[in-house]
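The block underneath contains the structure these notes are about, expressed in structure tokens.
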Amino acid sequence: MIGACTLLGIETSCDETAAALVRVTGGRVEILSDVVRAQIEQHAPYGGVVPEIAARAHAELCDHVVSAALLKSGQELADLDAIAATSGPGLIGGVMVGMMTGKAMAMASNIPFIPINHLEGHALSPRLTQDCAFPYLLLLVSGGHCQFIAVKGLGDYQRLGTTIDDAAGEAFDKLAKTLGIGFPGGPAVELLARRGDPARFDLPRPMLNRPGLDMSFAGLKTAAVRAVAGEALDEQGQADLCASFQAAITECLAVKTARALDVFIAEQPSDPRLVVAGGVAANQEIRAALDRVAVKAGARLIAPPLRHCTDNAAMIALAGAERLVAGQVERDGLDFAARPRWPLDAAAARTNPVFGGGKRGAKA
Ligand code: KG4
Ligand code: ZN
């Protein structure tokens, strides 16, 4: 059992190239450096992340970002106990860049390479800066994912529900692209929504009338996009549509979160905590609604600082460090093949066809 360790983490699964050094001593976590280079200007002309452009940008940026993280931390390669890199799920070209960089550095330094599931990084992210003991309920809501996960312990994750099609952030991005108001779409939609009337457009709340914790955002996304095509919207009309859309997503997330908390609390009644992570968690209206849901259920809402809600490498380094300390590191890290799809809860993925392989699975 290792008492203290220092890890380099690398994250390249979507459109952030990130590297960070984290030291774990006993239960104490220290972030020695935390470098994130977003690729907003590369993808903005297309209104969404273009996988080929992302892969190329990661290849260009990864070395520089890793060097910057080492330099800022004041550590040398020789001070590292292991290197962890996101090895899936995500856009495979980008994942390969970060994973191969990590493997090569680990091999050259003769230290373990730890392949990390990006979702595990998000699941553990509150533990970077807060005393957040297991178990807790996680709502991961980003541009690529929308899931409820019962985080029971390190490596022990139960997926309670998931979107069956698009992620919530993807829907925000699509509406913003259709309106031509900017990328990433979430912040632009939120800004416009402040001046809008949430009751003007009657948008669907998919899956709310169905039992269970699965969600769907594709129909809502399409309805919002159709509303743009249906009438020439002036600026107030755009604001009203953004407000109506945000209200619909907020209600979907709030109702499902209330149900997920009921399920979680039935099993774990003592000091229940709801952690919300992912870029969409930056949305103030969604955050406020989740806070109300948590309070009503007698739970606490924990939202990691925004820079750890969105993609970052500190959470990947922490996941690697926690695994190393717990003796959960596989020996064959260098043999690990990058996985475009890699469910955190393999059992749920097997029994729920939503997570079928290839094109059959949900996008998120
Ligand atoms: O976690 P993240 O940085 O990257 C991944 O997708 O993994 O999340 C990015 C997503 C984008 O879809 C973006 O539009 C959304 O989070 N987002 C927001 C807000 N800020 C970012 N969505 C709604 N409201 C926001 N304020
Ligand atoms: Zn992410």
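Of note:
- Cross-linked pairs Lys152/Lys256; Lys221/Lys256; Lys152/Lys177: Cα-Cα separations exceed 28 Å for Lys152/Lys177.
- For the chain, with all protein chains in place and a probe radius of 1.4 Å, 53% of the accessible heavy-atom surface sits on carbon or sulfur.
- The coefficient of translational diffusion for region 117-200, derived via Stokes-Einstein from the alpha carbon Kirkwood radius under 25 °C and 0.890 mPa s, stands at 168 µm²/s.
- Dipole magnitude of region 153-198, debye to nearest 20 (Cβ charges: Lys/Arg +1, Asp/Glu -1, about Cα centre): 180 debye
- A straight Cα-to-Cα reach below 12 Å connects Lys103 with the aspartates and glutamates Asp332, Asp335, residues fewer than 8 places away in its own chain not being considered.
- Close amide H contacts of Leu208 (hydrogens built in the peptide plane, cut-off under 5 Å, sequence separation of 5 or more or a different chain): none are found.
- Kirkwood Rh and Cα Rg combined as Rg over Rh, evaluated for region 35-126: 0.98
- A Förster distance of 45 Å, applied to the separation of the beta-carbon atoms of Arg28 and Asp234, puts the FRET efficiency at 0.25.
- Residue separation of Asp131 and Thr222 scaled by 0.36 nm, minus their Cα-Cα distance, works out to 28.7 nm of gained length.
- Between Ile265, Ile114, Ile249, the GNM of the chain built on Cα springs shorter than 10 angstrom shows Ile265 fluctuating the most.
- Extreme residue, positive dipole direction of the chain, given options Ala20, Thr351, His58 (C-beta unit charges): Thr351
- Between region 153-167 and region 94-125, the alpha-carbon centres lie 22 Å apart.
- Remark: region 4-18, residue by residue, has Karplus-estimated 3J(HN,Hα) of 9, 8, 10, 10, 9, x, 10, 10, 9, 7, 9, 10, 10, 9, 9 Hz, where x stands for each Gly or Pro and the curve is 6.51 cos²θ - 1.76 cosθ + 1.60 at θ = phi - 60°.
- Rg to Rh quotient for region 1-87, alpha carbon positions, Kirkwood Rh: 1.06
- In Hz, Karplus ³J(HN,Hα) per residue of region 23-33 (6.51, -1.76, 1.60; θ = phi - 60°; x = Gly, Pro): 10, 10, 10, x, x, 8, 10, 10, 8, 7, 7
- Net charge dipole size for the chain [Lys, Arg +1 and Asp, Glu -1 on Cβ; Debye, nearest 20]: 700 debye
- Long hydrophobic helices in the chain, taken as whole DSSP H segments with a C-alpha length of 24 Å or more on their own axis and mean Kyte-Doolittle hydropathy at least 0.5: 92-109.
- Debye-formula intensities of region 218-264, expressed as log10 I(q)/I(0) at q = 0.15, 0.18, 0.28, 0.33 Å⁻¹, are -0.48, -0.61, -0.99, -1.14 (one equal scatterer per alpha-carbon, no solvent).
- Protein heavy-atom accessible surface, 1.4 Å probe, per residue over region 134-303: 39 Å².
- Pairwise Cα separations in region 178-319 fall into 5 Å bins from 0 onward with the following percentages, short to long: 2, 9, 16, 19, 18, 16, 10, 6, 3, 1, 0.
- Paramagnetic reach from Asn110 (point 7 Å along Cα→Cβ, amide N under 13 Å) across region 68-85: 78
- Extension gain for Ser270 to Leu306 (0.36 nm times residue separation, less C-alpha to C-alpha distance): 10.3 nm.
- Stretching the chain fully between Gln328 and Lys152 yields a gain of 61.8 nm (0.36 nm per residue, less the alpha carbon separation).
- Here the Gaussian network model covers the chain, with springs between Cα atoms less than 10 Å apart; of Ala19, Ala247, Ala84, Ala247 fluctuates the most.
- Put the Cα centre of region 226-294 next to the Cα centre of region 1-57 and the gap is 26 Å.
- For the chain, the Rg and Dmax computed from alpha carbons only, in angstrom: 20.1, 64
- Long-range amide H partners of Leu160 with built H, under 5 Å: Phe148, Ile149, Ala150
- Amide H contacts under 5 Å for Leu301: Leu274, restricted to partners 5 or more places along the chain or on a different chain, H placed in the peptide plane at 1.01 Å from N.
- Note on Ala68 and Asp202: with the Förster distance fixed at 56 Å, the Cβ-Cβ geometry gives a FRET efficiency of about 0.70.
The values are calculated or read from the model by the stated rules, or taken from the named source; none is laboratory data. Owing to the predicted nature of the structure, the values given are computational and were not obtained by experimental measurement. Ideal geometry is used to build each Cβ from the backbone, glycine not excepted, and the neighbour counts take in all protein chains shown. Ligands, DNA and RNA are excluded from the accessible area calculation, which covers all protein heavy atoms including side chains. Shrake-Rupley method; radii C 1.70, N 1.55, O 1.52, S 1.80 Å.
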